[in-house]
Amino acid sequence: MSESQFESEARIELSNEATPQEAKFLAMSSRNERRNFRLGVTNGVLYGLGTSFISRSTIIPSFFSHLTSSSALIGLVSQFESIGWYLPQFIAASFVVHWPKKLPLYRLGWWVRGTALFLLAGVTLWSPSSSVLLACGVLLYGMFAAGSGLSGVVFLELVAKTIPAKRRGRFFGLRISMASLLSVTIGAGVISLLLSGFKFPTDFGLVFLVAAVIVTVGLGFMAFMREPRTPIVPDARTLLEHFREGWKVYHADKLFANYIHTRMLMSTATIGVPFLVIFAHNRLGFHTSDLGIFVAADCIGTIVGNFFWERLTDRRSAKICLEAAAITNVALPIIVLLYLWFPLPKILYALVFSVAAAFDAGTSIGGMTYIIEISPEHDRSTYIGLFNSLMSLPLMLTAVAGALLDLTGYGVLYALVLALSVASLFAVRKLH
């Protein structure tokens with residue numbers, strides 16, 4: 001949404017106002033809206049670029065595969081960012097549900113995440129023994145992920161309060177598209193240069209350091225948004241009361257409960273993603289220096305998918321966007337299984353990362369828009385916090401998927417992923 005479009009709409013509104021005081025208020029609201037939109041988009045662009053250097057589908061599993069041979073551990077740690085984003089949110093919501101302004105909690109998460117990434121880079125560059133680096137890596141990456149959860153419930157609350165409904169698809173789309181364009185050019189190039197120019201673990205330490213700088217700066221932009229006060233908020237609750245309220249919401253709101261079940265199934269269908277890069281290393285002969293190719297493919301998938309998801313969400317509905325994303329995800333296990341059965345060109349394997357990224361972008365744009373639309377304003381934090389915390393549960397199944405991979409091999413794992421992907425498609429089609 002361009003600034004001129006904002007100003008045009010503001011002039012139309014102002015022309016219908018009767019008093020100078022009301023006109024002044026609307027003009028100020030329009031300026032704040034433009035400012036928040038720019039800050040939110042810049043935040044998303046820099047955060048997206050920064051996290052491409054710690055991609056949970058490429059960089060993180062490759063890094064930990066140098067330190068352990070346990071697929072279960074690699075799979076679980078690779079999902080830390082998603083688990084950390086989702087799991088703490090319901091508990092965090094219990095502390096802020098009665099706050100008219102919730103931005104202070106986002107700022108706390110900003111400092112936790114930034115500190116964790118700088119420490120992770122420092123420890124990796126220090127190059128301790130493999131066992132020490134593994135322990136510190138798991139701890140610090142988990143700290144970064146937990147900081148995401150502190151900010152998560154506030155993030156969607158800020159979007160709901162500051163970005164009008166008709167611009168949310170555009171808002172999320174700009175964040176993802178511009179971040180992906182920078183990641184596929186600057187990000188992939190720098191990652192390839194660092195991973196090919198230095199030995200382990202210095203190569204990953206430098207990659208983490210770049211991530212720490214960009215992510216910390218990016219998070220800071222949203223920390224300075226102007227948050228309007230929520231006029232009506234629930235009373236302060238104890239944690240136990242908050243859990244009881246969440247249980248009541250889950251049972252009373254069938255639309256909300258059905259959405260939770262559908263998204264949990266869709267999330268379960270992603271349990272094979274952390275092992276895509278391990279498959280590339282072990283079965284196809286790709287090297288660490290080739291990770292830039294996969295990062296670029298990931299970003300291209302996000303850009304192409306986002307072009308459609310943004311328009312589907314704004315012009316049709318968030319549900320249609322989720323349905324299209326679910327259809328896309330069915331291709332991921334099919335590609336892996338084809339590589340098990342046929343001698344396909346090695347370079348085409350990068351398509352699997354494009355599919356995974358396109359699906360992730362679709363569930364982000366359509367999913368966040370959907371939950372905002374079905375959550376009542378006065379208790380939105382409870383809805384968002386409960387939804388996100390429950391969404392962390394299927395992500396923990398990646399440890400089970402890793403153990404299954406070690407026991408049975410890639411064929412059984414990705415056949416299961418294919419069945420889950422098809423089941424999730426049928427589930428999302430039943431959403432209202």
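The values are calculated or read from the model by the stated rules, or taken from the named source; none is laboratory data. Keep in mind it's a predicted model, so treat the numbers as computed, not measured. Virtual Cβ from ideal backbone geometry, glycine too; neighbours counted across all protein chains shown. The accessibility values were calculated without ligands, DNA or RNA, using every heavy atom of the protein model including side chains. Shrake-Rupley method; radii C 1.70, N 1.55, O 1.52, S 1.80 Å.
Structure summary
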| item | result |
| --- | --- |
| Label-point separation, A135 to L284 (7 Å along Cα→Cβ), nm | 3.6 |
| Computed label-point distance, nm, for sites F307 and E377 using a 7 Å Cα→Cβ extension | 3.7 |
| Segments 405-411, 49-55, 309-315, 190-196 sorted - mean Cβ within 10 Å per residue, highest first | 49-55, 309-315, 190-196, 405-411 |
| Rounded percent of accessible protein surface that carbon and sulfur make up, region 238-277, 1.4 Å probe | 68 |
| P(r), alpha carbons of region 112-211 - 10 Å bins starting at zero, rounded % | 14, 30, 33, 17, 5, 0 |
| Whole-Å semi-axes of region 313-432's equivalent ellipsoid (Cα gyration tensor) | 31, 18, 11 |
